[in-house]
Amino acid sequence: MSQETVSDPQAALEAEKYENPVASREFILQLLAEHDGPLTLNRLISLLGYDGDDERIEGLSRRMRAMERDGQVIRNRRGGYVPVTHAELVRGRVLGHRDGFGFLVPDDGGDDVFLSPRVMRALLNGDRAVVQVTGLDRRGRREGNLVEVIERANAEIVGRLVLEAGIAFVVPDHARITQDILVPMTDLMGARDGQIVRVALVEQPTLRHKPVGKVVEVLGDHMSPGMEIDVAINSHGIPHEWPQEVLAAIDGLNPEVEESHKSGRVDLRHMPLVTIDGADSKDFDDAVFCQATPDGFRLLVAIADVSHYVNVGSALDREGFNRATSVYFPGRVLPMLPEVLSNGLCSLNPDVDRLCLCADMLINNDGQIAKFRFFEGVMKSAARLTYDTVAKVLIDQDAEARAAHAHVLEPLETLHRLYKVLRAARERRGAIDFDTVETKIVFGEGRKIEAIVPYERNDAHKIIEECMIAANVAAGRFVADHKIPALYR
């Protein structure tokens, strides 16, 4: 913004008019801050010299509504606007507590503001609001009163339906939402007492009234097998259905890689790369290959080239950004990308051509990466191996397992030798080894939990870990050498 201060209003207004059809947010906030007390829309129109200019008046009105929605200003009962920059006004996100009170986590950092159970009656966990700090509670925490709700976070809630004395309400499953949702008897959609339902909020809560909703889906009976997964998915708003634009984007995708897509890539199909994953894995993201060299080892780490299919700004890219990651439940996964990609074209399945990105590294006998390069390739996995199978081949020297995998035996043994070299280098540099015990759930009949058993890690797990660390070290060096801005962990 060209103006330095509103203290010279004429010059500032002329500059603002010249640059913008409607005054910028920054200029409006500065104007509000320099006036004693709130300014109504009509007063702003007058100060900005928009009288009689219908187009600018409409634009200013829209801008003020947007600023109010975004929590930059609040409007009092008389229609006056006040900037949310005063020390006593704080905007942020509401964090509910199972005991009925809550906190406002400020957008700009600083200590949370305590919200009493009375204030929380008008709010739900996740809402964005502006509160006025009224003082300190008996524990010395800042305490606030609700000024304005900026944004509602809960359009739907999952919980257990209760029918009691002719009244229906839903007890939310989410521990941070403590208010029951009233449901008119005409909006039960056939749900019975005790069933788990999904309700759409028709009315948000206020200081005087509880939220009101209508049943939009009956998920099933309380405590039925698998119900906890459906409840978790709906309670936490985990995306589990593909938007129409995503379905349109994958419509017609060939399950096999098209020949034209392989051109210009390094052909790795003659090299016996293998995937090594858990026995229950459904998609295979990475593959490895190792051979001995006069000075040490050559290690190839290939990952599925997702970027070939997911273009920046596309429907797939937007949905992937929205989902952020695949979500894993016992026996079920909600993938970040549709299965034709996650389990198909972007999964390094055995004996089929797949597009990949490859890290090609030369590692010396001291475990140091001497040279590396990255390239786009096309590969064909020689085997889908499990950690247990690799342990049988390399650790147990199981004759049957070794015979069954004779075609990849040499690179596997070379990979094991490389692992020992990398491991020794790790220990020499004093790297921390987080060797914790993981667990897995064993299900019995009717998907009831039968046992929770330790998940044993063997050298096969550690081989893959060391390969991935080496590839990431090379990637880190690459972006550092080329001065590419990046995040490091």
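The values are calculated or read from the model by the stated rules, or taken from the named source; none is laboratory data. Computed from a predicted model, the values in this text were never measured in an experiment. Methodologically, a virtual Cβ is constructed for each residue, glycine included, from the backbone with ideal geometry; neighbour enumeration extends over all protein chains shown.
Structure values in brief
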read-out: Residue check, E376 part of a helix (DSSP H, G or I), assigned by TED's automatic domain parsing to the domain that holds D353, surrounded by fewer than 18 Cβ atoms within 10 Å (Cβ to Cβ) and of a type outside the set (A, V, I, L, M, F, W, C); value: no
read-out: Residue in region 446-460 that is under 29 Å from T293 (Cα atoms), touching a residue at least 60 places away in the same chain (Cβ under 8 Å) and either more than 34 Å from the chain's Cα centre (by Cα) or part of a helix (DSSP H, G or I) (or both) present; value: yes
read-out: Test result for I463, touching a helix residue (DSSP H, G or I) at 6+ places or on another chain (Cβ under 9 Å), under 21 Å from M361 (Cα atoms), modelled with pLDDT of 85 or more and of a type outside the set (D, E); value: yes
read-out: Subset of region 169-179 [surrounded by fewer than 20 Cβ atoms within 10 Å (Cβ to Cβ) and farther than 24 Å from V131 by Cβ]; value: V171, D173
read-out: Residues of region 287-335 that turn out to be within 19 Å of L273 (Cβ to Cβ) and either of a type in the set (D, E) or under 15 Å from the mean Cα position of the chain (by Cα) (or both), as a count; value: 1
read-out: When residues of region 209-228 are limited to those that are of a type outside the set (A, V, I, L, M, F, W, C) and at pLDDT below 90, the one nearest to A155 (Cα to Cα); value: E217
read-out: Region 303-328 residues that are part of a helix (DSSP H, G or I), paired with ones that are charged (D, E, K, R) and loosely packed, with under 13 Cβ neighbours inside 10 Å (beta carbon under 7 Å, 6 or more apart); value: A315/E245
read-out: Long-range neighbours under 9 Å by Cβ, at least six apart or interchain, first residue farther than 18 Å from S342 by Cβ within region 246-270, second assigned to a loop (DSSP other than H, G, I, E, B); value: R265/D305
read-out: Matching entry among D127, D111, D137, D107 (being surrounded by fewer than 16 Cβ atoms within 10 Å (Cβ to Cβ) and closer than 30 Å to N234 by Cα); value: D107
read-out: Which listed residue, of L355, L385, is aliphatic (A, V, I, L, M), assigned to a strand (DSSP E or B) and under 30 Å from A431 (Cβ atoms); value: L385
read-out: Every residue from region 140-157 that is part of a loop (DSSP other than H, G, I, E, B), under 18 Å from F114 (Cβ atoms) and in contact with a strand residue (DSSP E or B) (Cβ under 8 Å, 6 or more places away or on another chain); value: R141
read-out: Of residues in region 149-174 being within 28 Å of the chain's Cα centre (by Cα) and among the acidic types (D, E), the one farthest from S235 (Cα to Cα); value: E151
read-out: Complete set of residues in region 32-44 that are closer than 17 Å to R56 by Cα and either in a helix (DSSP H, G or I) or within 38 Å of the chain's Cα centre (by Cα) (or both); value: L41, N42, R43, L44
read-out: From the options I452, I369, I441, residue that is surrounded by fewer than 11 Cβ atoms within 10 Å (Cβ to Cβ), of a type in the set (A, V, I, L, M, F, W, C) and in the same structural domain as D305 (by TED's automatic domain parsing); value: I452
read-out: Those residues of region 379-400 which are farther than 27 Å from D353 by Cβ and either buried (at least 16 other Cβ atoms within 10 Å of the Cβ) or in contact (Cβ under 8 Å) with a residue 60 or more places away in the chain (or both), in sequence order; value: D388, A391, K392, L394, I395
read-out: Hits in region 45-76 (condition: acidic (D, E), out of contact with any Lys or Arg (no Cβ under 9 Å at 6 or more places or on another chain) and in a loop (DSSP other than H, G, I, E, B)); value: D51, D53
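Matching residues to (1) out of contact with any His (no Cβ under 9 Å at 6 or more places or on another chain); (2) farther than 30 Å from M227 by Cα; (3) aliphatic (A, V, I, L, M):
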{"residue": "D107", "(1), (2), (3)": "yes, yes, no"}
{"residue": "G110", "(1), (2), (3)": "yes, yes, no"}
{"residue": "V130", "(1), (2), (3)": "yes, yes, yes"}
{"residue": "T134", "(1), (2), (3)": "yes, yes, no"}
{"residue": "D137", "(1), (2), (3)": "yes, yes, no"}
{"residue": "V147", "(1), (2), (3)": "yes, yes, yes"}
{"residue": "I150", "(1), (2), (3)": "yes, yes, yes"}
{"residue": "V170", "(1), (2), (3)": "yes, no, yes"}
